[in-house]
Amino acid sequence: MGSPESELLAALTHLATHWSSASTQSAVASAAGVDVDPIDIPPLYVLGLEGPARAGDLATALRVTRPTMSKQLGRLERAGLIERAADPADARATIVRLSPAGRRIHDRLVAQGVAMMSDALAGWDAADAARFTTRLTRFVEAVQSSASARPGETASPSRPRTIADESWRDRPAASARPVR
């Protein structure tokens, strides 16, 4: 048995690998009745959770190259799931947002993800599940804060935030959005 930190790292690595795998995303999409290539699901999640973004910021948030993001956005646009508009702050850039159809797909994917979380927590006492959620949220914030700081510095809350800052903790709970 290793240290708590090494066991936590192993568990989180397994979880992240499992959740982000094409097979898991394909299963989520299938269970949600959504016909989207699993590789194109992450941009839908981020746009749905964070709102409109520049393609470059979306690529940074998802840790993919700009050409990869461009291809994904092209597929999503052809499928009618996203819309592009000129960035009012910079005429050279475009802002990407979910289309109404994209919002419906996102909501179905999130609803299926919430159902999966409910299944995973089915044997848990409600108070234990709430404590776990609070502690995991706090832990993720700490990891993101330490990962975004340069060596020897702490993260600066005074810097303007972008989608790449993964501000997921500042949004309303996904379950608060109705499924259409």
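The values are calculated or read from the model by the stated rules, or taken from the named source; none is laboratory data. On a predicted model such as this, the values are computed, not experimentally measured, just so you know. For neighbour counting, all protein chains shown are included, and Cβ atoms are generated from backbone atoms with ideal geometry for every residue, glycine included. For the accessible areas, the whole protein counts, side chains as well, though only heavy atoms, and no ligand, DNA or RNA atoms are used. Shrake-Rupley method; radii C 1.70, N 1.55, O 1.52, S 1.80 Å.
Condition test on residue 6, is it over 28 Å from residue 117 (Cα atoms), in a helix (DSSP H, G or I) and of a type in the set (Ser, Thr, Tyr)? Spelling it out, it is not the case that residue 6 is over 28 Å from residue 117 (Cα atoms), in a helix (DSSP H, G or I) and of a type in the set (Ser, Thr, Tyr).
Only one of the listed residues (43, 38) is modelled with pLDDT of 95 or more and within 15 Å of the chain's Cα centre (by Cα). That residue is 43.
Scanning the range 6-19 for residues that are open to solvent by 80 Å² or more (accessible area, probe 1.4 Å) and either of a type in the set (A, V, I, L, M) or at pLDDT below 90 (or both) yields 9, 15.
On the stretch given as the range 75-87, residues that are assigned to a loop (DSSP other than H, G, I, E, B) and more than 19 Å from residue 25 (Cβ to Cβ) total 1. Residues in the range 67-89 that are charged (D, E, K, R) and surrounded by 12 or more Cβ atoms within 10 Å (Cβ to Cβ) were compared, and the one that is farthest from residue 41 (Cα to Cα) is 87. The single condition from (1) loosely packed, with under 14 Cβ neighbours inside 10 Å; (2) modelled with pLDDT of 95 or more; (3) closer than 29 Å to residue 11 by Cβ that residue 149 fails is (2).
Quick test of your reading of the structure: residue 143 fulfils all but one of (1) farther than 21 Å from residue 16 by Cα; (2) open to solvent by 60 Å² or more (accessible area, probe 1.4 Å); (3) free of Cβ contacts under 8 Å to residues at least 60 places away in the same chain. Name the failing condition by number. Here residue 143 meets the rest and fails (1). Identify all residues within the range 89-108 that are closer than 25 Å to residue 16 by Cβ and β-branched (Val, Ile, Thr); write none if there are none. Within the range 89-108, 96, 105 qualify.
On inspection, residue 46 passes the criterion of being of a type in the set (A, V, I, L, M, F, W, C), in a helix (DSSP H, G or I) and touching a helix residue (DSSP H, G or I) at 6+ places or on another chain (Cβ under 8 Å). Scanning the range 88-139 for residues that are in a loop (DSSP other than H, G, I, E, B) and charged (D, E, K, R) returns a single hit, 125. Take the residues of the range 70-88 that are without any contact (Cβ under 8 Å) to a residue 40 or more places away in the chain and out of contact with any strand residue (DSSP E or B) (no Cβ under 9 Å at 6 or more places or on another chain): which is nearest to residue 20 (Cα to Cα)? Result: 72. For the range 9-35, filtered to residues that are part of a helix (DSSP H, G or I) and β-branched (Val, Ile, Thr), the residue that is farthest from the chain's Cα centre (by Cα) is 13.
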